[in-house]
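Peer 1: Let me begin by handing over the structure; questions about it come next.
The values are calculated or read from the model by the stated rules, or taken from the named source; none is laboratory data. Since we're looking at a predicted model, the values are computed, not measured. Methodologically, a virtual Cβ is constructed for each residue, glycine included, from the backbone with ideal geometry; neighbour enumeration extends over all protein chains shown.
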Amino acid sequence: MIHHLSGRLVEKTPTSVVIECGGVGYFVHISLFTFDKLGKEENCKLLTHLSIKEDAHTLYGFITESERTIFRQLISVSGVGANTARLILSSMDPDRIAGAIAIADVNSLKAIKGIGEKTAQRIILELKGKVSKQTEGVIFSTAHNTSRDEALSALLMLGFNKAGVDKVLQKLITENPAYSVEELVKLALKNL
């Protein structure tokens, strides 16, 4: 099992990276969450998950342990493969996925392209107990997630960087989870 890769970032696309470690280039599949957080540093470290099938050995890379944990939990669900799990992680950050599962928010999961109602319900059914233990003490609000999503979309449409917008919105929501979409956008524009 390959736990992590630490080396020179040779190539980076929204779905994959090539990391050179000791003269060997490793092709690693990543989510958009990892792509955004990776930055442009020459040297990087990615936590990995190695998927072995009869016709392929595939490496998946993650910028945080929480992302890798959610990925592994998602692929343990019947009918959810590695590519579907990566798609989910590309659509929502790991904390929001855990929050949606913990509060049984089928609509948030259903909103992800390729995830139907039955799959969303199966994910919640099979992972709710596991995720609830990890998210104890953290309050997740569906309304705040919706406001945050709408504010994020609006700011991205204006041309702002997703990583910067995410950081500012998270700070604002931590200060006051009751902000409306308009308030979030106005306050974020002042901080960007």
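Peer 1: Among ILE97, ILE75, ILE70, ILE112, which is over 27 Å from SER6 (Cβ atoms), of a type in the set (Val, Ile, Thr) and within 15 Å of the chain's Cα centre (by Cα)? Let's see the steps before the verdict.
Peer 2: Numbers: ILE97 fails: over 27 Å from SER6 (Cβ atoms); ILE75 fails: over 27 Å from SER6 (Cβ atoms); ILE70 fails: over 27 Å from SER6 (Cβ atoms).
Unique residue meeting the criteria: ILE112.
Peer 1: Go through region 15-31 and give me each residue that's surrounded by 18 or more Cβ atoms within 10 Å (Cβ to Cβ) and either touching a helix residue (DSSP H, G or I) at 6+ places or on another chain (Cβ under 9 Å) or closer than 14 Å to PHE71 by Cβ (or both).
Peer 2: VAL17, VAL28, HIS29, ILE30, SER31
Peer 1: Right, another one. For region 76-90, enumerate the residues that are of a type outside the set (A, V, I, L, M, F, W, C) and in a helix (DSSP H, G or I). Break it down into steps so the answer makes sense when it comes.
Peer 2: Restricting attention to region 76-90, the residues satisfying the condition of being of a type outside the set (A, V, I, L, M, F, W, C) are 76, 78-79, 81, 83-84, 86, 90.
Scanning region 76-90 gives ASN83, THR84, ARG86, SER90.
Peer 1: Among the residues of region 1-14, write down those that are free of Cβ contacts under 8 Å to residues at least 24 places away in the same chain and surrounded by 13 or more Cβ atoms within 10 Å (Cβ to Cβ).
Peer 2: Across region 1-14, the qualifying residue is only VAL10.
Peer 1: Out of (1) modelled with pLDDT of 85 or more; (2) within 28 Å of LEU38 (Cα to Cα), the odd one out for ALA151 is which?
Peer 2: The number of the failed condition is (1).
Peer 1: Let me ask something else. Does region 83-127 hold any residues that are among the hydroxyl-bearing types (Ser, Thr, Tyr) and over 20 Å from PHE62 (Cα atoms), and which are they?
Peer 2: Here is the first cut: in region 83-127, the ones among the hydroxyl-bearing types (Ser, Thr, Tyr) are 84, 90-91, 108, 119.
SER108, THR119, listed by residue number.
Peer 1: Could you check how many residues of region 106-130 are buried (at least 20 other Cβ atoms within 10 Å of the Cβ), in contact (Cβ under 8 Å) with a residue 24 or more places away in the chain and closer than 23 Å to GLN170 by Cα?
Peer 2: Result for region 106-130: 1.
Peer 1: How many of the residues in region 30-56 are under 18 Å from SER6 (Cα atoms) and touching a His at 6+ places or on another chain (Cβ under 8 Å)?
Peer 2: Total satisfying the criteria: 5.
Peer 1: Another question, then. Do the conditions hold for PHE33, that is, is it in contact (Cβ under 8 Å) with a residue 24 or more places away in the chain and touching a Phe, Trp or Tyr at 6+ places or on another chain (Cβ under 7 Å)?
Peer 2: Considered against the rule, which asks whether it is in contact (Cβ under 8 Å) with a residue 24 or more places away in the chain and touching a Phe, Trp or Tyr at 6+ places or on another chain (Cβ under 7 Å), PHE33 comes out as no.
Peer 1: Could you list, in sequence order, all residues of region 155-188 that are surrounded by 15 or more Cβ atoms within 10 Å (Cβ to Cβ) and over 22 Å from SER31 (Cα atoms)?
Peer 2: Hits for region 155-188 are LEU172, ILE173, PRO177, TYR179, VAL181, LEU184, VAL185, LEU187, ALA188.
Peer 1: List the pairs whose first member sits in region 159-177 and is free of Cβ contacts under 8 Å to residues at least 60 places away in the same chain and among the aliphatic types (A, V, I, L, M), whose second member is part of a helix (DSSP H, G or I) and surrounded by fewer than 14 Cβ atoms within 10 Å (Cβ to Cβ), and whose Cβ atoms are under 8 Å apart, counting only residues at least 6 apart or on separate chains?
Peer 2: VAL165/LEU156; VAL168/ASN191; LEU172/ASN191
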